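What follows is a short report on a single structure.
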Amino acid sequence: MRKLIALIITINFVFISLSTYPQNVEEIVKKAYNVAYYQGEDGKSEVRIAITDSQGRTRNRVFTILRFDIEDGGKQKYYVYFREPAGVRDMVYMVWKHPGEDDDRWLYLPALDLVRRIAASDKRSSFVGSDFLYEDISGRALSLDSHELVSEDKKQYVIRNTPNNPNLVEFSYYDIYINKDNFVPTKAEYYDKEKELFRKIEALEVKKVEGFITIVKQKASNLESGSETIAEFNQVDYNLGLSEDVFSERYLRRPPRRWIR
């Protein structure tokens, strides 16, 4: 009887373990992606970024970012309104994210009163002169890469992501380090065509905000130029009840004051 009870306990433990932890690399990657980009039904944050070049000179940007999820892990919309400095005030960047297809992206330039569509080929260019890229803001679609678990220990998974179309990107692959406890992607390392590390993104601080695990401080480093950008996410809110029409083209020139004040 004791052996039978022990066997039942063992089977139950294995069953619970299997239902709790990811069983393959795709599940690990999806969980981390959802933690990074899909917490809550919508979200808002004030973001302050400090861009420091190789000579130690620093420039700052302050903007408000709004997010609206159409599908959990799927279609999504972003609205970024710039506050500081004066040279970029009232500039707006907007994304309609379509996983598996090219995203729709717009940039409103108030000095020229011009709305410019951002081509798919430009999404891996610098985001307002920082070391983050346009694609970093809303996330790179999982379907664009193949994923391989290259190592793990008690604390983290290391996933290698190789582009399905290497001609469209400047890297040969990138490794993401994912915390096993909460699936926060703590670091991404990008390797160039010669397999040399040239770019990093690191989570410097993580907090639980309104019950959601949230990266509140992040750093992007360009190892070739020697520059780095630190982003701090303040006044983070989730489940605000944003409406989808906020993320329409008519609000590029006329910001939704209720949500960005």
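Annotations
- Residue check, Glu27 modelled with pLDDT of 95 or more and in a helix (DSSP H, G or I): yes
- Any hit, the stretch 171-179, residues being acidic (Asp, Glu) and over 17 Å from Lys31 (Cα atoms): no
- Conditions (1) of a type in the set (S, T, N, Q); (2) touching a residue at least 24 places away in the same chain (Cβ under 8 Å); (3) closer than 24 Å to Val62 by Cβ; number of the one not met by Gln218: (2)
- Just one residue in the set Leu133, Leu144, Leu204 is under 29 Å from Phe63 (Cα atoms) and surrounded by 18 or more Cβ atoms within 10 Å (Cβ to Cβ); that residue is Leu133.
- The residues listed here are Val35, Val80, Val29, Val47; of these, the one that is touching a His at 6+ places or on another chain (Cβ under 7 Å) and either crowded, with 18+ Cβ neighbours inside 10 Å or acidic (Asp, Glu) (or both) is Val29.
- Looking across the stretch 92-110, the residues that are without any contact (Cβ under 8 Å) to a residue 24 or more places away in the chain and aliphatic (A, V, I, L, M) come down to Leu107, Leu109.
- Test: residue in the stretch 187-201 that is more than 24 Å from Ala120 (Cα to Cα), assigned to a strand (DSSP E or B), in contact with a Gly (Cβ under 8 Å, 6 or more places away or on another chain) and modelled with pLDDT of 95 or more: no
- Ser126 vs. criteria in contact with a strand residue (DSSP E or B) (Cβ under 9 Å, 6 or more places away or on another chain), closer than 21 Å to Thr64 by Cβ, touching a residue at least 40 places away in the same chain (Cβ under 8 Å) and polar (S, T, N, Q): no
- Qualifying residue in the stretch 188-195 (condition: crowded, with 16+ Cβ neighbours inside 10 Å, under 29 Å from Gln39 (Cβ atoms) and touching a residue at least 24 places away in the same chain (Cβ under 8 Å)): no
- Output for the stretch 225-261, where each listed residue is under 30 Å from Lys195 (Cβ atoms) and either touching a helix residue (DSSP H, G or I) at 6+ places or on another chain (Cβ under 9 Å) or exposed (fewer than 12 other Cβ atoms within 10 Å of the Cβ) (or both): none
- Condition check for Val115: without any contact (Cβ under 8 Å) to a residue 60 or more places away in the chain, of a type in the set (Val, Ile, Thr) and surrounded by 14 or more Cβ atoms within 10 Å (Cβ to Cβ): no
- Residues in the stretch 167-180 that are surrounded by fewer than 17 Cβ atoms within 10 Å (Cβ to Cβ) and touching a residue at least 12 places away in the same chain (Cβ under 8 Å): Leu168, Glu170, Ser172, Lys180.
- Residue selected from the stretch 212-247 under the condition within 13 Å of the chain's Cα centre (by Cα) and hydrophobic (A, V, I, L, M, F, W, C), by the criterion nearest to Lys31 (Cα to Cα): Ile215
The values are calculated or read from the model by the stated rules, or taken from the named source; none is laboratory data. Everything numeric here is computed off the predicted structure, so don't read it as measured data. Every residue, glycine as well, gets a Cβ built from its backbone with ideal geometry; the counts of neighbours run over all protein chains shown.
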